[in-house]
Structure formats: structure tokens, C-alpha cells
Protein chains: 2
Amino acid sequence: MNNFDLNAYLSAQREKINTAIDGFLFQSIKPRRIINAMRHSVMAGGKRLRPILCLAAAEAVGDPPDDVINTACALEMIHTYSLIHDDLPAMDNDSLRRGQPTCHVAFDEATAILAGDALHTLAFEILSSNVLSKKNNSTKYLLVIHTIAAAAGVNGMIEGQMRDMAAEGHRLGLEDLEEMHALKTGALIEASIVAGAIMGDGSQKQIKQLKVFAKNIGLAFQVTDDILNIEGDPRVLGKEVGTDQARQKNTYPSTLGIKSSKAFAKKLVNSALQALNYFDNRSDPLRAMAHYIIARKK
Amino acid sequence: MNNFDLNAYLSAQREKINTAIDGFLFQSIKPRRIINAMRHSVMAGGKRLRPILCLAAAEAVGDPPDDVINTACALEMIHTYSLIHDDLPAMDNDSLRRGQPTCHVAFDEATAILAGDALHTLAFEILSSNVLSKKNNSTKYLLVIHTIAAAAGVNGMIEGQMRDMAAEGHRLGLEDLEEMHALKTGALIEASIVAGAIMGDGSQKQIKQLKVFAKNIGLAFQVTDDILNIEGDPRVLGKEVGTDQARQKNTYPSTLGIKSSKAFAKKLVNSALQALNYFDNRSDPLRAMAHYIIARKK
């Protein structure tokens, strides 16, 4: 851990992930608008947090297969589809994301809806693509698909988004706020880590510990996101700040205050790190990621 | 075939499918708006064409497993998600579907976007759910997922939708029109039939014949849809008519004329039936469905 170079690690993983996503979205000789729109959003230089966590979890439990990179890409596509739809005028109506015009601004609303849908479907096409070549270990791939679909769906990410919208303008208690975030961002972050561990043939005990790790960093990530929406630099962040307050969103700073929110995020990261005590130094990237999640500026 | 009672068959299959979909979307003690929105669209009394074709294809090739009904439900959910998104103001801006207000009219735009997304994800959650219980035959389930995802995605249904939008207001040649429909509606109809055949452990030769059947009825379905948009009764159809012409959509009647379009649909059904010569009387439901597809009034 002491000598772990997080920046080098993140750069290397991002490059690996970007190259792989690029390969899934190549343009044929006759370029297609839908592919351009998908690429616009998914190649816009995101942090790649979910895919990196997936790869790091696979490493932490053992010797992951080469195609864990596909799982990682699929997770980023699901995350990006949710951002494209969240940014739509009928939802958050955001015009800037990852420092770029949002998909519906760069293209049009109909194309943005379909680009989101297409990334969503492509994720499952990729997650099931092992069947075309190796046709072994199918149970493992099916379990990864089920883990991700359950987290992204109506009992996970989508329900979180519904609650977030429903809560705009009136106050949530701390418990409801935590539950909302556990659904909205926590579920897919946890699924990213669990999917990586399944791909790396992690044991039940390892997966159990990684879930504790995931729940803690998932919430720490959200608390930090809320803080950055107040204190962040929009040029670094790649999106507008102050939007949560303008929309009367329920956030940790609005509920706990900034100072307590920061202390809470730190406490969560410590709990996350504790859950990793069970692992050897192959989990160093996960440890470093936990620190990164609250130290990040974007 | 002669004594096959299509109406009784369709009613029985629809009831089976509706009961199963209902079970996937039950409300907990604390009712949730997202589930209400999903139910509103998916329980609105659709024809259930894709799931019935899936079940019929599974029957045609052999003795299908009980959970082919799950595959059928997932297909209907993917179809319904695509309708919810197509109906949005930014896309077709339709206010009536299956005789009911469209999802964004009955709820709101944001909820409709998320209800579509949630049905989309739920389909893949269901398709992978075998892994939670039996954990055998996983390769088969993975192949079904891949077949459906490939058909619904950027090289299938979504590209068809993009081409449909791009073509509004200018004329397509017959070949481009056919290709657009093969993508927009044909791909998922074909996947419904192929997925059923995979679930029923159909042979390669059987699947090959069923693909020919599917391509022909898929196009016949679309030609009939175009005709119903001109000659249909909106009260029976459950949606507005004349909308294609108003939007200057490319349709078979606008390209070939009504009379030739009807003759073309009939020819396609005959080709579809020929592809079934290879099968025994267990394919009678498929044969009857082929006739139904052009005779239907909604």
C-alpha cells in the first residue's frame, strides 16, 4: 500500500478500459449517428470508477480472466446510459457533463433517449458474449448478469432515481437519504465490485467482505459528490456546481452540514478499509481507491 | 391445422403471459410509483405477439421447459419499454397506446423514461434468474440473453428506430424501407421465435427454418401495421390512425399503394408457412399465428 502509485494505476486502468470501450463502439465505413451519440457520452473522459473497481475487485480475490475487462466496460455503459437519461430535459435538464455538452444538447432529445437505451442493451450483449466463443463457465456469466441487472433496476438504481425526484423540495431524514443513495449510486457500485469478484472466482467469504467495503465506499462517494457540488471547481469537475441547492435536493451537506459530512465520509472510508483486512496486498488498488474516492476533485 | 382454434389459443396464452407478468410486477405493501407506471404500460392489454410467438416456437421444436414463460415475459417487457420511449414527446409524441393514455401522459415524462428503463433492465434480470435456482443449462440461458440483446440493440431495433426518424419527410426506396422494418420490428420478432426455439432445445436446422418463418411474418406484421394505420378503426386499434401520413412516414402503402401492400403481406405469409413444412403439427400454433398477423384488426 505504501508504495502504491494510485495515479499511475488509475491512468493505466482508464486507458485499458477506454481502449476496450472504443473497440465495442467502432464506426463502420458508413458512420452511424447512434454510434456517434453513444461515443459522445461514453468516451467523454469519465472517471471510470465502476469499471476500475470491478477490475480491482477481480484482482483482489485472485487471478481474473482476461475478459473481466468486458464486465468492466458493460458497467460503465450502464452507468453512462443512466447519466444520459438523467440529464434529459424531463429529468435533471443538465447541459454539461464530463466537461462536454450533454448528449441531448450535442445531438437531440430523441437521439439521446435512444443512445442511452442502446448503451443499456449493449451492456447485456457484452455480458453474454462469452457464449459465442468459449461456452464454458456460463453459470458465472449468468450470475454476473443477474447481479448487475438486479442492481441497476427497479429495486436498485432506478428506484433511487425515483426517490431522488420525489424528494426534491422537501426534506428527507438521514435514514431516508442514506437509503436513497444506497439505491441510486450504491447498488451499482456494489454490483461492480461483486461482479469483479465473481469473475475472479472469489469465495463467498471474500464476496461478503467486499460487499461491506462496497457499501461504505458507495456512500462515501455520494457524500463526496454532494460536497463537490458545493465546493468543487466546475472547470475541474466538468459539470455545473450549486445545482443541488438550486433544485432543493436532499444532500448530506444540506442535512448534516459541510464539516460533519466530511467527517462522515472519512469514517465510511475507514470502515471500508477495515473490511479489506481479510485480504492480502492484491487488494492494494482497492485500498487506494477508497482513499481516492473522498480525495478526488472531480 | 384445420381444427386449430386460434382464438381459444390466443386467449389462453395471453392469460398465461399476463398472469406471469403480473407476478413479476407485484406491488409491495408500500406501493411504488415506478411499479405503477411499469404496470400501466405492460398490463394495458397488448396483443402479446412476441411472447406468444416465443411460446409457440418452443412448442414447435419439442417439449419446452416451464420457464420458457419467463423468456416470453422478458420479450414483452423489452417490447413495452421500446413503446414507452417511442411515445415520448421527443420521439413520436403519442398520447394513446393500447387504448390507454401513454405512460408519460398518465404519469409524467421523467417517470415514463424510468419506467421504460426499468422494464428494459427487468427483462435481463428475469432472463438471468435461472442462475438463482437450478444453476444448470446456463449456456442455453446465456445464448437466449445474447440473442435478445443483439436484436434489441444498436444493430437491431434501436438502429431501426433511428432510421425511421431520419427518414421522416423524405422518401425511402423499397429496399431501404424493408431494411428499416427488418431492424425496427423484425429483429425482435425473430429473436422471440429463436429464443423460444433455443429454450425448447431446437436443432440448428429447426432454428434455421424458424428464422425464415420469422423474417417473413415480421415483415408481414409491419406491412399490416402500415395498412391498419390507414384503414384501421381507432376504437379497435387502441391508438390513433392516419398518423403515419401526417408525419410523412415511409410506409408500404405510401410506397406500393394499399392494394399491392395487401398482396405483398399475403405473399410473405405464404413464404412463412412454407418454411414450416419441415415441422409436424406441433407447429400448428405458429401456422395459425401467421394467418392472424395479416387478418388482425388491432
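So here's what we get for this one:
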{"quantity": "Leading residue at positive end of dipole, the protein assembly as shown (Cβ point charges), from B:SER203, B:ASN7, A:GLY257", "calculated": "B:SER203"}
{"quantity": "GNM flexibility winner over chain B from B:SER138, B:SER82, B:SER254 (Cα, springs under 10 Å)", "calculated": "B:SER138"}
{"quantity": "Anchor B:LYS134: aspartates and glutamates whose Cα lies under 19 Å away (excluding residues fewer than 8 positions away in-chain)", "calculated": "B:ASP63, B:ASP66, B:ASP67, B:GLU125, B:ASP201"}
{"quantity": "Calculated label separations, A:LYS266, copies of the chain, 7 Å along the beta-carbon direction, nm", "calculated": "8.2"}
{"quantity": "Distance (nanometres) between label positions extended 7 Å along Cα→Cβ at A:ASN93 and B:LEU96", "calculated": "3.1"}
{"quantity": "Furthest towards positive pole of dipole, A:ALA57, A:LEU177, A:ILE113, structure part chain A, Cβ charges", "calculated": "A:ALA57"}
{"quantity": "Dipole magnitude of the protein assembly as shown, debye to nearest 20 (Cβ charges: Lys/Arg +1, Asp/Glu -1, about Cα centre)", "calculated": "480"}
{"quantity": "Cβ charges +1 (Lys, Arg) and -1 (Asp, Glu), total dipole of the range A:183-298, debye", "calculated": "160"}
{"quantity": "Residue of A:ILE258, A:ILE227, A:ILE145 that the Gaussian network model of chain A assigns the largest fluctuation, springs spanning Cα pairs under 10 Å", "calculated": "A:ILE258"}
{"quantity": "Ranked by how many other beta carbons lie within 10 Å on average, peptides A:230-236, A:267-273 from highest", "calculated": "A:267-273, A:230-236"}
{"quantity": "Per-residue [θ]222 nm for chain A (sum of -39500 (n - 2.57) over DSSP H runs n ≥ 4, rounded to 500)", "calculated": "-21500 deg cm²/dmol"}
{"quantity": "In the range A:100-177, GluC sites (Glu not before Pro) in a DSSP loop with at most 14 other beta-carbon atoms within 10 Å", "calculated": "A:GLU168"}
{"quantity": "Separation in nanometres of the label points that stand 7 Å from Cα toward Cβ, at B:ASP201 and B:GLU168", "calculated": "4.9"}
{"quantity": "Trypsin sites (Lys or Arg not before Pro) lying in DSSP loop within the range A:130-186, provided at most 13 other Cβ fall within 10 Å", "calculated": "A:LYS134, A:LYS135, A:ARG171"}
{"quantity": "Spin-label pair B:GLU179/A:ASP66, simplified geometry with 7 Å Cα→Cβ offset, distance in nm", "calculated": "3.3"}
{"quantity": "Hits among lysines - C-alpha to C-alpha of A:LYS267 under 26 Å, sequence gap 8 or more where chains match", "calculated": "A:LYS47, A:LYS184, A:LYS205, A:LYS208, A:LYS211, A:LYS215, A:LYS249, A:LYS259, A:LYS297, A:LYS298"}
{"quantity": "Net dipole in debye of the range B:6-295 [+1 Lys, Arg Cβ; -1 Asp, Glu Cβ; about Cα centre; nearest 20]", "calculated": "500"}
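Coordinate-derived values only; no laboratory data. Note that the structure is a prediction, hence the values are computed from the model and not measured. Ideal geometry is used to build each Cβ from the backbone, glycine not excepted, and the neighbour counts take in all protein chains shown.
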